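Data first, discussion second: the structure below is written as C-alpha cells.
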Amino acid sequence: MARLAITLACGDYDRTRALADGRAGVEGADLTVLTLSPEEIFFRMVRFGEFDVAELSLSTYVLTAQQDAPFAAIPALPEGVEVTGCPEGRTLSEMLVAGEIDALYTPRVPRPFLEGDPRVRRLFPDVRAAEESYYRRTRIFPIMHVVAIRREVYERSRWLASSLVKAFAHARDLAFSGLGETAALPYVLPWVYEEIGRVQALMGDNYWSYGLNPANRKVLSTFLRYAREQGLAQDGTGPEDLFAPETREELAI
C-alpha cells in the first residue's frame, strides 16, 4: 500500500520540532510540516481547509463540532494561544491605552507594556505566583489547542488518527529528553535544570501528557462545562466525544 502524503501545519515548538526534522515519523504516512503562527493556521484551516492536519483552537474545534463537524481531533494537546478580534483599523493595545477597554486578556504581550507605558500594567503583578496558586487549588493546566484532521482525510484513512497520536507523543518525549542534562545545557536558559525540577515538584513528571488520562479528562470536562454555559457546546458532550474513536484507548501517553 502506498504511503499517505499529508501536510501538517503547527507552531514551531520544542515538542513538535521532531516531526518537522523527521526524528518522529508518522506510521504509514509521509509528513510535510509547515511551521506558521497559530493565528495564520487557524484562519487558513477554518476558512479554507488548506491543510490535511493542523493545530487548532480547542474552542473553535468545539464550536465547529456543533455544526457540520469539518474536523476530527486527536488527543495530542499542544499548548498555544487564542485569538481575539477588535474593530477594523484599531488594535486592542490602542484601545487599552485610550481607556476604551479596561483590561486585555491576550496571548501576546501588548506593545505599550513592553515599551513601559505607565498607563498599562499587569492585573496580577506576580503572574507566576498567581498561576501556581491556581494550579495547586484546581490541578488544572489549561489545554488550549488540539490537533485536527480535515474530515475527508480522516474518513479516507481512519488509521491516521492513531498514527498521529503516537508521532506527537514521540516528538514530545524527544523534547523532554535533554531537559535533565547538566554537563552542557541544551537550551539558552541558564537555570533550565532547576526550572524543570521546580515544575515537576509542583505538577509531577507527566504534566505535559496526551490522551484521555484522568488529569486531561478533568481539564477538558471543565472546559466543556464553560463551553456549555456559553452556548458553545451541547449538553451531554464529554471529553471522549471530542476525539476520533481510534484514539480513545490512548489513555496515558
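Computed from the C-beta positions of residue 135 and residue 193, the FRET efficiency with R₀ = 22 Å rounds to 0.55. Dividing the helix sum by the residues of the chain, where each DSSP H run of 4 or more adds -39500 (n - 2.57), gives a mean residue ellipticity at 222 nm of -11000 deg cm²/dmol. Karplus-derived 3J(HN,Hα) values for the range 31-41, using 6.51 cos²θ - 1.76 cosθ + 1.60 with θ = phi - 60°, are 9, 10, 9, 10, 9, 10, 6, x, 4, 5, 4 Hz; glycine and proline are entered as x. Scoring 192-202, 154-164, 233-243 by mean Cβ neighbours within 10 Å over their residues and listing the highest first yields 154-164, 233-243, 192-202. Placing +1 on each Lys and Arg Cβ and -1 on each Asp and Glu Cβ, with no other charges, gives the range 62-198 a dipole about its Cα centre of roughly 380 debye.
Sorted from longest to shortest, the spans of the Cα atoms of the range 143-192 along the three principal axes equal 48, 21, 14 Å. For the range 103-253, the relative contact order is 24 percent, taking Cα pairs closer than 8 Å that sit 6 or more residues apart in sequence and dividing their mean separation by the residue count.
Ranked by the mean number of other Cβ atoms within 10 Å of their residues, highest first, the peptides 5-16, 175-186, 212-223 come out as 5-16, 212-223, 175-186. Assuming charge only on the beta carbon of Lys and Arg (+1) and of Asp and Glu (-1), the dipole of the range 92-134 about its Cα centre is about 80 debye to the nearest 20.
For the range 92-134, taking the reciprocal of the average inverse distance between every pair of different Cα atoms yields a Kirkwood hydrodynamic radius of 11.3 Å.
Full extension of the chain between residue 7 and residue 182 yields a length gain of 59.4 nm, computed as 0.36 nm times the residue separation minus the alpha carbon distance. Among beta bridges from DSSP that stay inside the chain, the antiparallel ones total about 45%.
The magnitude of the dipole of the chain, with charges of +1 and -1 set on the Cβ of Lys/Arg and Asp/Glu and taken from the Cα centre, is near 340 debye.
Equivalent-ellipsoid semi-axes for the chain (Cα gyration tensor, √(5λ), whole Å, largest first): 30, 25, 20.
Qualifying trypsin sites (Lys or Arg not before Pro) in the range 112-142, where qualification requires a DSSP coil assignment and no more than 12 other C-beta atoms within 10 Å, comprise 119, 121, 122.
Modelled label positions at residue 157 and residue 27, each set 7 Å beyond Cα in the direction of Cβ, lie 1.4 nm from each other. So if R0 is 22 Å, what FRET efficiency would residue 114 and residue 94 give, r being the distance between their Cβ atoms, rounded to the nearest 0.05? With a Förster radius of 22 Å, E is 0.95. Two numbers describe the Cα atoms of the range 157-253: Rg and Dmax, which are 17.1, 53 Å.
Bear in mind that the values in this text are calculations on the coordinates, not laboratory data. Please read all numbers here as calculations on a predicted model, not as lab measurements. Cβ: placed from backbone, ideal geometry, glycine included. Neighbour counts: every protein chain shown.
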